[in-house]
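Below is one structure, written out as structure tokens; the observations come after it.
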2 protein chains.
Amino acid sequence: MSRTVYLNGDYLPEAEAKVSIFDRGFVMADGVYEVTSVLGGKLLDFAGHLARLTRSLNELGMDNPLPDEEWLAIHRKLVEVNAIDEGLVYLQVTRGNPGDRDFAFPPKDTPQTIVLFTQSKPGLAANPSAQTGIRVISVPDLRWSRRDIKTVQLLYPSLAKMEAKAKGADDAWLVEDGFVTEGTSNNTYIVKGGTIVTRQLSTDILHGITRAALLRFASEAQMKVEERPFTIEEAQEADEAFFTSASAFVLPVVEIDGKPVAGGKPGPVTTRLREIYLEESLKAAI
Amino acid sequence: MSRTVYLNGDYLPEAEAKVSIFDRGFVMADGVYEVTSVLGGKLLDFAGHLARLTRSLNELGMDNPLPDEEWLAIHRKLVEVNAIDEGLVYLQVTRGNPGDRDFAFPPKDTPQTIVLFTQSKPGLAANPSAQTGIRVISVPDLRWSRRDIKTVQLLYPSLAKMEAKAKGADDAWLVEDGFVTEGTSNNTYIVKGGTIVTRQLSTDILHGITRAALLRFASEAQMKVEERPFTIEEAQEADEAFFTSASAFVLPVVEIDGKPVAGGKPGPVTTRLREIYLEESLKAAI
């Protein structure tokens, strides 16, 4: 069945949703995005995603083109018309179509390009990887330095994910100056002696919405959290390793560069954190 | 007058040239490009641009979708139908439209997206900046680490150029670990005691087609060339500073971070190199 997608005010069949070849998103990767999960037809952590969207846009000198209630209305309409029970809503905003290609920004009144579409993912909450865990390899982090801005410059994460697959793994953890920054599209964690360790926020990593929620829930559950960088070796020797993202929630990592972590099985802290995250996020879903 | 552009086998009015919102170039910056200059209706350094295109594609695991003679035919047809005397031909190839968004590459038989368009630039050869020189500021180089691949991940160069303009300059030179890598869209040089100094090729910089031609011409003219990194301070104290790019050829830099270089005027080596480059490139233009 063809999806209905949103493009610049219109709801269109997906095959008709096209942007100019001069769009700044196409010729210059001058755009940002968000992905919001849908469970039971409701949006998870929606306010967090909108706040980060505004921040990403502002960091690039762009305004948020729509008020919050309109973003919400579009998300809800797409979820409804595409009958999404479990899945994702992707949104992207670019600096628009100046009608030609130039490194200089177009005039401020150039309409931004706004794209939203859904992805149906039945079984998103009951992901079998939560039981089995996933395997990762480490690769150097070659991305640009402003990873706190959620831009569409996703070529390297895509290349790293393909390298992982070629090596029989599921994903890659990125390493810079000896320390893990994050996964290709997720934040990374280890558990050691009951303490959850994850890299502190900076321009080096994405400020994960799921990360923020997880750390809040963990602290409410009296779990100890330490925000600092860790190495691949430390992760391999940890009691548990896991990652978070808006679309995977919390998932265990059971192998890093061929070495089993936590005996190759999901650990109790990871499993509990996934339960808490899903419970609490669903309560607040809109 | 509306341009005629090329998109996936068709010649179209520019306003009709659109790509899917799922194009890998739009959602993942998964594409590469080339820009070839046109003088007197002829293409400069065309073979060099095609060779680099193939290399960029191969580095990303893509094939070059067209044979050389077809690329040439498209370039020539666009130059002709758009009556380009002086200007540019831009070409972009992306990994195509998989019909949805996924970090994983689409199947190998997914047709790549091929886009070409012209930009008319009367006076390209007689650029007044060749007489006056341009002013640059230095900014940290925050780009990804594979700058030898000419991808469309141009957000940071665009931001840096805007920062330069905001500070009353024309362009920015990017600095990493204390040394200049290159300009926002060009290779950088200084002249000291008659020797032309420019950073050696590596993954840190673009392998400029104009750079290669210039170094060849310089060496044929018995000029001394040293390939090594240099600092902003060294550039400020050099006899001359300049940059090269496919669309600007050779242009003098007469101010760096507010300090005049070479007394604030284009120097003789730069001026001579521009003359040689234009003469020799025009001879070989096709």
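Some notes on this structure:
- Selected from B:Ala172, B:Ala126, B:Ala238 as most flexible by GNM, with chain B as the system and alpha-carbon contacts under 10 Å: B:Ala126
- Two-site label geometry, A:Ala221 and A:Val175: point separation in nm, points 7 Å out along Cα→Cβ: 3.0 nm
- Per-residue SASA entry for B:Met62, accessible area with 1.4 Å probe, Å² rounded to 10: 10 Å²
- The distance between label points at B:Arg55 and A:Lys108 comes to 4.2 nm (points 7 Å beyond Cα on the Cα→Cβ vector).
- Sequence of A:Lys192, B:Lys167 from largest to smallest accessible area, 1.4 Å probe: B:Lys167, A:Lys192
- Calculated FRET value between B:Lys165 and A:Glu233, using beta carbons and R₀ = 60 Å, to 0.05: 0.85
- The charge dipole of the protein assembly as shown, taken about the Cα centre with unit charges on the Cβ atoms of Lys, Arg (+1) and Asp, Glu (-1), comes to about 140 debye, rounded to the nearest 20.
- Among A:Thr132, A:Thr36, A:Thr181, the largest mean-square fluctuation in a Gaussian network model of chain A, built with springs joining Cα atoms closer than 10 Å, belongs to A:Thr132.
- Checking the Cα-Cα distances for B:Lys121/B:Lys161; A:Lys42/A:Lys121; A:Lys161/B:Lys108; B:Lys167/B:Lys224; A:Lys192/A:Lys259; A:Lys161/A:Lys224 against a 23 Å cut-off, the pairs over it are B:Lys167/B:Lys224; A:Lys161/A:Lys224.
- Taking the Cα centre of region A:4-120 as reference, the dipole from Cβ charges on Lys and Arg (+1) and Asp and Glu (-1) amounts to some 160 debye.
- Annotation: amide H of A:Gly133 has no partner in the under-5 Å range at sequence separation 5 or more or interchain, hydrogens built in the peptide plane.
- Ligands, DNA and RNA aside, A:Arg199 has an accessible area near 30 Å² when probed at 1.4 Å.
- Largest GNM mean-square fluctuation among A:Glu275, A:Glu255, A:Glu16, using chain A with Cα springs under 10 Å: A:Glu16.
- When the residues A:His207, B:His75 are ordered by accessible surface, computed with a 1.4 Å probe over the protein chains alone, the sequence from largest down reads A:His207, B:His75.
- Centre-to-centre, using Cα atoms only, region A:56-120 and region B:167-222 are separated by 38 Å.
- Adding -39500 (n - 2.57) for every DSSP H run of four residues or longer, then dividing by how many residues chain B holds, sets the calculated 222 nm ellipticity at -8500 deg cm²/dmol.
- Counting from the shortest, the label point at B:Ala285, 7 Å from Cα toward Cβ, is 6.2 nm from the same position in each remaining copy.
- Cα→Cβ-extended label distance, 7 Å offset, between B:Leu201 and B:Asn8, nm: 3.4 nm
- Nearest-first distances (nm) between copies at A:Pro140, label 7 Å from Cα via Cβ: 1.9
The values are calculated or read from the model by the stated rules, or taken from the named source; none is laboratory data. If you're wondering where the values come from, they're calculated on a predicted model, not measured in any experiment. Here the Cβ is made from the backbone with ideal geometry for all residues, glycine too, and neighbour counts use every protein chain on show. When the accessible area is computed, the model is the full protein with side chains, heavy atoms only, and any ligands, DNA or RNA have been set aside. Shrake-Rupley method; radii C 1.70, N 1.55, O 1.52, S 1.80 Å.
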